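The values are calculated or read from the model by the stated rules, or taken from the named source; none is laboratory data. None of the values given here were measured: they were computed from a predicted structure. Because the Cβ atoms are built from the backbone with ideal geometry, glycine has one as well, and the counts that use them run over all protein chains shown. The accessibility values were calculated without ligands, DNA or RNA, using every heavy atom of the protein model including side chains. Shrake-Rupley method; radii C 1.70, N 1.55, O 1.52, S 1.80 Å.
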Amino acid sequence: MKTQTSATNRDPSAGARVQIVAVPEDRDGQRLDNFLATRLKGVPKSLIYRICRTGEVRVNGSRAKPDRRLATGDEIRIPPVRVAERGEAPPPPNAQLNRIEAAIIHEDRDFLVIDKPAGIASHGGSGVSFGAIELLRAARPRDTLELAHRLDRDTSGVLVLTRKRSALTGLQAAIREGRVEKRYLALIEGALPKSKLTVDAPLRKSVLQGGERMVRVDPEGKPSRSRFSEIQRYAGASLVEVALETGRTHQIRVHAQHLGHPLAGDEKYGEREFNRRMRDKGLKRLFLHAARFEFSLGERSFSFSAPLAPELVAVLDALGG
């Protein structure tokens, strides 16, 4: 196991001098934060985000956000990064490792898929020590695991990780090209005006003064499309399936709010009185679940699904009663 030590010329885990690194061909399309994580072994993601935010990391001489997609040959400036010499960070608690292992629903040579519990972030950072990816890497130290996509911390359901670089780049290309079918289950306030409708409303992301991310419908935002289909009506609420044609931050939550039918348990975009009524029915979290994730790579087709979380089923039972 490596520990952080003092200066070295080209040792990426020490990061004691400014490095200029060219992106190799097998890293084409990788996010900047993930590229840096592989170069700066043992450096917390929170520190990686910080050096990107402050402009210390440069791509071809310009500032770049952590989610920037890199291209073969891009030149990355990596600043000196010093980590206190206190040995390896403590491992995740066994209870968390057991929980994430129990959440695995599929694994093969290319993919590892979990039914992510609500309350676990996809990755660490911003005050989160261990996200799903860190927990799984700790549980499977011999695997080379990468997140293929992300789920919000409060969303449960299908989360796909890759075991090979070729699987990661192939799936990310499918996501960018709209060749992935993603379907969610959500409980909304009231009833849709039609049993099926499509929301085509561009979304714009902003960061408030305190660092909180907010998303709103904005003509200047990025194109965003969601297809809502009613499954079951209840008194004052409806269970719907939402198919995503794009994958913007908080897309389902903001599109539901835009319709006038916010999600149950949504403390950021929801309606206070509706949330109170749902709490009376036993809801203690956001009612949003990633139910299905389907795609094809070459001649292989994949379909991963996860049943509605038990605590959400209990809420529907309470509404039905």
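Numbers at a glance
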{"read-out": "Every residue from the range 288-312 that is at pLDDT 95 or above, aliphatic (A, V, I, L, M) and more than 20 Å from residue 175 (Cα to Cα)", "value": "288, 308, 312"}
{"read-out": "Filtered residues of the range 123-148 (kept if in a loop (DSSP other than H, G, I, E, B) and out of contact with any strand residue (DSSP E or B) (no Cβ under 6 Å at 6 or more places or on another chain))", "value": "123, 124, 126, 127, 129, 130, 131, 140, 141, 142, 143, 144"}
{"read-out": "Where a residue in the range 191-202 is of a type outside the set (A, V, I, L, M, F, W, C) and its partner, wherever it lies, is open to solvent by 70 Å² or more (accessible area, probe 1.4 Å) and assigned to a strand (DSSP E or B), with Cβ under 7 Å and at least six apart", "value": "198/225; 198/227; 200/225; 202/222"}
{"read-out": "Test for residue 229: is it in contact with an Asp or Glu (Cβ under 6 Å, 6 or more places away or on another chain), at pLDDT 95 or above, farther than 28 Å from residue 174 by Cα and surrounded by fewer than 22 Cβ atoms within 10 Å (Cβ to Cβ)", "value": "no"}
{"read-out": "Contacts under 7 angstrom Cβ, first residue in the range 89-116 being closer than 13 Å to residue 306 by Cβ and open to solvent by less than 30 Å² (accessible area, probe 1.4 Å), partner polar (S, T, N, Q) and modelled with pLDDT of 95 or more, 6 or more apart", "value": "116/156"}
{"read-out": "Strands (runs of 3 or more DSSP E) wholly inside the range 231-321 that include at least 2 residues being touching a residue at least 60 places away in the same chain (Cβ under 8 Å), closer than 19 Å to residue 180 by Cβ and of a type outside the set (Phe, Trp, Tyr)", "value": "237-244, 288-297"}
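Yes/no matrix, rows are residues, columns are (1) acidic (Asp, Glu); (2) in contact with a Leu (Cβ under 8 Å, 6 or more places away or on another chain); (3) at pLDDT below 90:
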site	(1), (2), (3)
84	no, no, yes
87	no, no, yes
98	no, no, no
107	yes, no, no
111	no, yes, no
123	no, yes, yes
128	no, no, yes
131	no, no, yes
